[in-house]
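Asker: Can you keep this structure in mind? I'll have questions shortly.
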Amino acid sequence: MNARRASWLVAALLLAALLLAALGVCVGSAGFENLLGPLLNPGLDPDATAMAQRIVFDIRLPRTLGAWGAGALLGLAGAVAQGLFRNPLADPFLLGSASGASLGVALALAAMGGAGGMLGASMMNSGVAVSVFSSSVWVRLGLTGAAFGGAVLAVLLTLVLSRGVQHTLRLLLAGVVVGVVLGAMTHLVLLFSPESLQAMQAFMLGSSSFVGWTAAGLMALVWVLCLLSAWLLARVLDGLSLGDATARSLGLPLGPMRAALVAVLALATGTAVAQTGLIAFVGLAAPHLVRSLVKTTSAWLMLLASGMGGALLMAADTLARWLIAPQELPVGVLTAVLGGGYLLWLMQRSTRLGRGGGW
Amino acid sequence: MSATLASHTPALEVRDLGVRLGDATILHGITLALPRARWTCIVGPNGAGKSTLLKAMAGLLPHSGTSALLGRPLPEWPHRQRAQHLSWLGQNEVSGDDLTVWDVVMLGRLPHQAWLSAPSVADRAAVERALRSTQAWDWCERSLGQLSGGERQRVLLARALAVEAQVLLMDEPLANLDPPHQADWLAIVQALVREGRTVVSVLHEVGMALHADELVMMAQGRVTHQGACADTATHRALEAVFDHRITVHALQGQWVVVPRMNALMKSHHAD
């Protein structure tokens, strides 16, 4: 029965993604009514048609799909983190990837002399977007690479400090230490490079505004790879939910499988962060939302949390473009406010139900 | 000849087994052989090292000395093969509230399934048998988080039974079970032993432990006695391991344990 319910939820999330994609294509600083005419009557004004096509197919569509991809990666990473650490409060940034990516971007911006920041600021002033992702191709490529490299290096540092993946508590603590130390280093870099502050702020708030087809394609590819790997390892997470000893007694080689799950977590988070900056709460809230709708095995949870994360971020991204149009809000601010509100509601509900310890 | 040898090989055997946790030595060089097709119960006061010994025998804890399962050294068993022959039911380990009862018990079939294969007809039949034997079949589709402590324990017992292993190790399997379901557990264990399986359990309920075939008594990380439950020497050792604060009596063909009230009063006065 639960598998049937899970299948229905997959279908519902797919439908939601399609509807949100259609909505996302319609919302933007240029509106939709201004684009509809040139798109429907291409003969009337070829220049306007070309511009409308560019806005819809080269800007709005990839960023909308990219928002889904980043959300799906974060939702998947959240489900893996919560299963791996057997903690409902675990989120994808737990192993220091967020602070590592931030430090990477801060160092790259400082090395560029705040070029990304200046470009970001100029774009902001023109009312197009508030984003560090608004630089030239090379600057953007450098920043994306720095974010990804920083995220992966931070996770590796966490693994070194925790001496492997065998002890989840040690892993968790090492992640906290790495997060705090790298966060402090980021602030130190910014102290010596104040011109990067604005661009850095945009990165910290998260945005999908300059996700192009390449970035969207990359996220889709990594998502498929991570989802397949996580799906193959889902039985380990199911076994782990009964405790380490029981999982080992079932013949599961926990060491290598935990390492593989950490790799999935790092790759999914690093890729999403590198393309969209730090987007809070999607990774934490998506698996919770799924679990509140259906109780199922980890294999289903991976797929559903991905779909839920994608739909959430796509909806938040569209809302961010619509709320103060023609300007837009950084999507990370919206997800933080909405996600925080959701967690508060969840906490209140569990207190009312007398389940203080759980969710 | 080899079959006879195999049947005489102990189900579990440890030699000079020691366990240290940090600076503390929990088990001091234990040597023990537990016979096949028998129910052996490990008893002793709190902190005696019973659960640690069980965990070490299951290969779930690093230890010194040697341990063997069905005559073969434990480290030589491939993971999956060992999991098919040895089933483990731990104490207070569960947190899989989101899984359904069916999914939890199906986890017991993992050692029998190829990595990506769907559950076979045999797997489904084993899960159904296990759920019916613990009277948990009716909750198949409920999630573990919706069950009471005793109901969860029955589901976890079903998970351990679903492995259909030759040797079952259970740490405090009666936790949260009411008396009728404790009696049901006893019937399940006795049926398993009749089928030729070996059951080793750690029990706090000494009265229930006296229904076992053999008792192993532990105190301060050492085995103090091993013997048949019906032996008077075993009863005396049992009284001794609990500091003579219990007595063992025969009642209507069964052994029962009675707290020695005088000893209790004395100890209170001494305090």
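Asker: Has segment B:71-81 got any residue that is free of Cβ contacts under 8 Å to residues at least 12 places away in the same chain, out of contact with any Gly (no Cβ under 9 Å at 6 or more places or on another chain) and of a type in the set (D, E, K, R)?
Answerer: yes
Asker: Output the residues belonging to segment B:97-135 that are in contact with a strand residue (DSSP E or B) (Cβ under 9 Å, 6 or more places away or on another chain) and among the small types (Gly, Ala, Ser).
Answerer: Correct list: B:108 only.
Asker: Could you list, in sequence order, all residues of segment B:149-166 that are within 11 Å of another protein chain (Cβ to nearest Cβ) and not in a helix (DSSP H, G or I)?
Answerer: B:163, B:165
Asker: On to the next question. Which one of B:130, B:125 is small (Gly, Ala, Ser), part of a helix (DSSP H, G or I), away from every other protein chain (no Cβ under 14 Å) and in contact (Cβ under 8 Å) with a residue 12 or more places away in the chain?
Answerer: Testing whether each residue is small (Gly, Ala, Ser), part of a helix (DSSP H, G or I), away from every other protein chain (no Cβ under 14 Å) and in contact (Cβ under 8 Å) with a residue 12 or more places away in the chain leaves just B:130.
Asker: Checking residue A:290 against (1) more than 10 Å from chain B (Cβ to nearest Cβ); (2) under 24 Å from residue A:219 (Cα atoms); (3) assigned to a helix (DSSP H, G or I): exactly one of these is not met. Which one?
Answerer: For residue A:290, the failing item is (1).
Asker: Then there is this: Within segment A:37-96, restricting attention to residues that are assigned to a helix (DSSP H, G or I) and polar (S, T, N, Q), which residue is farthest from the chain's Cα centre (by Cα)?
Answerer: Filtering first and then ranking leaves A:49.
Asker: Next question, about the same structure. Could you list all residues from segment A:265-316 that are of a type in the set (Phe, Trp, Tyr) and in contact with a Phe, Trp or Tyr (Cβ under 9 Å, 6 or more places away or on another chain)?
Answerer: Once the filter is applied, which keeps residues that are of a type in the set (Phe, Trp, Tyr) and in contact with a Phe, Trp or Tyr (Cβ under 9 Å, 6 or more places away or on another chain), segment A:265-316 yields only A:281.
Asker: Identify, please: which residue in segment B:54-100 is more than 11 Å from chain A (Cβ to nearest Cβ) and part of a helix (DSSP H, G or I) and is, among those, nearest to the chain's Cα centre (by Cα)?
Answerer: Top of the filtered list is B:57.
Asker: Is at least one residue of segment B:43-50 within 14 Å of chain A (Cβ to nearest Cβ), closer than 23 Å to residue B:160 by Cα and touching a strand residue (DSSP E or B) at 6+ places or on another chain (Cβ under 8 Å)?
Answerer: no
Asker: Check segment A:206-214 and report whether any residue there is aromatic (Phe, Trp, Tyr), closer than 29 Å to residue A:56 by Cβ and not in a helix (DSSP H, G or I).
Answerer: Yes: one or more hits.
Asker: Considering only segment B:108-116, I want to know if a residue exists there that is more than 14 Å from chain A (Cβ to nearest Cβ), outside any loop (DSSP other than H, G, I, E, B), more than 21 Å from the chain's Cα centre (by Cα) and within 23 Å of residue A:299 (Cα to Cα).
Answerer: No.
Yes/no per residue for (1) more than 9 Å from chain B (Cβ to nearest Cβ); (2) at negative phi; (3) touching a Ser or Thr at 6+ places or on another chain (Cβ under 8 Å):
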{"position": "A:231", "(1), (2), (3)": "yes, yes, no"}
{"position": "A:237", "(1), (2), (3)": "yes, yes, yes"}
{"position": "A:246", "(1), (2), (3)": "no, yes, no"}
{"position": "A:267", "(1), (2), (3)": "yes, yes, no"}
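Table: residues versus (1) closer than 23 Å to residue B:99 by Cα; (2) within 11 Å of another protein chain (Cβ to nearest Cβ); (3) over 20 Å from the mean Cα position of the chain (by Cα).
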| residue | (1), (2), (3) |
| --- | --- |
| A:264 | yes, no, no |
| A:283 | yes, no, no |
| A:286 | yes, no, no |
| A:321 | no, no, no |
| A:340 | no, no, no |
| A:345 | no, no, yes |
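Asker: Conditions: (1) part of a helix (DSSP H, G or I); (2) surrounded by fewer than 24 Cβ atoms within 10 Å (Cβ to Cβ). Residue A:238 meets all but one. Number of the miss?
Answerer: (2)
So that you can scan it fast, the table gives a plain yes or no per residue for (1) under 15 Å from the mean Cα position of the chain (by Cα); (2) closer than 21 Å to residue B:37 by Cα; (3) hydrophobic (A, V, I, L, M, F, W, C):
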{"residue": "B:144", "(1), (2), (3)": "no, no, yes"}
{"residue": "B:156", "(1), (2), (3)": "yes, no, yes"}
{"residue": "B:163", "(1), (2), (3)": "yes, yes, yes"}
{"residue": "B:168", "(1), (2), (3)": "yes, yes, yes"}
{"residue": "B:175", "(1), (2), (3)": "yes, no, yes"}
{"residue": "B:183", "(1), (2), (3)": "no, yes, yes"}
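Asker: Quick check on segment A:177-196: of everything there that is small (Gly, Ala, Ser) and part of a helix (DSSP H, G or I), which residue is surrounded by the fewest Cβ atoms within 10 Å (Cβ to Cβ)?
Answerer: Here the residue is A:184.
Asker: Check B:138, B:103 and return the single one that is farther than 27 Å from residue B:203 by Cα, free of Cβ contacts under 8 Å to residues at least 40 places away in the same chain and surrounded by 17 or more Cβ atoms within 10 Å (Cβ to Cβ).
Answerer: When all the criteria are applied, what remains is B:103.
Asker: Ok, one more. Kindly indicate which of A:199, A:247 is part of a helix (DSSP H, G or I) and without any contact (Cβ under 8 Å) to a residue 60 or more places away in the chain.
Answerer: Residue meeting the stated conditions: A:247.
Asker: Please list, ordered by first then second residue, the pairs with beta carbon atoms under 6 Å, 6 or more apart or interchain, first in segment B:226-238 and under 14 Å from residue B:257 (Cβ atoms), second at pLDDT 90 or above and surrounded by fewer than 18 Cβ atoms within 10 Å (Cβ to Cβ).
Answerer: B:234/B:227
The values are calculated or read from the model by the stated rules, or taken from the named source; none is laboratory data. Quick caveat, the model's predicted, so the values are computed rather than measured. Cβ coordinates were reconstructed from backbone atoms using ideal geometry, including for glycine residues, and neighbour counts include every protein chain displayed.
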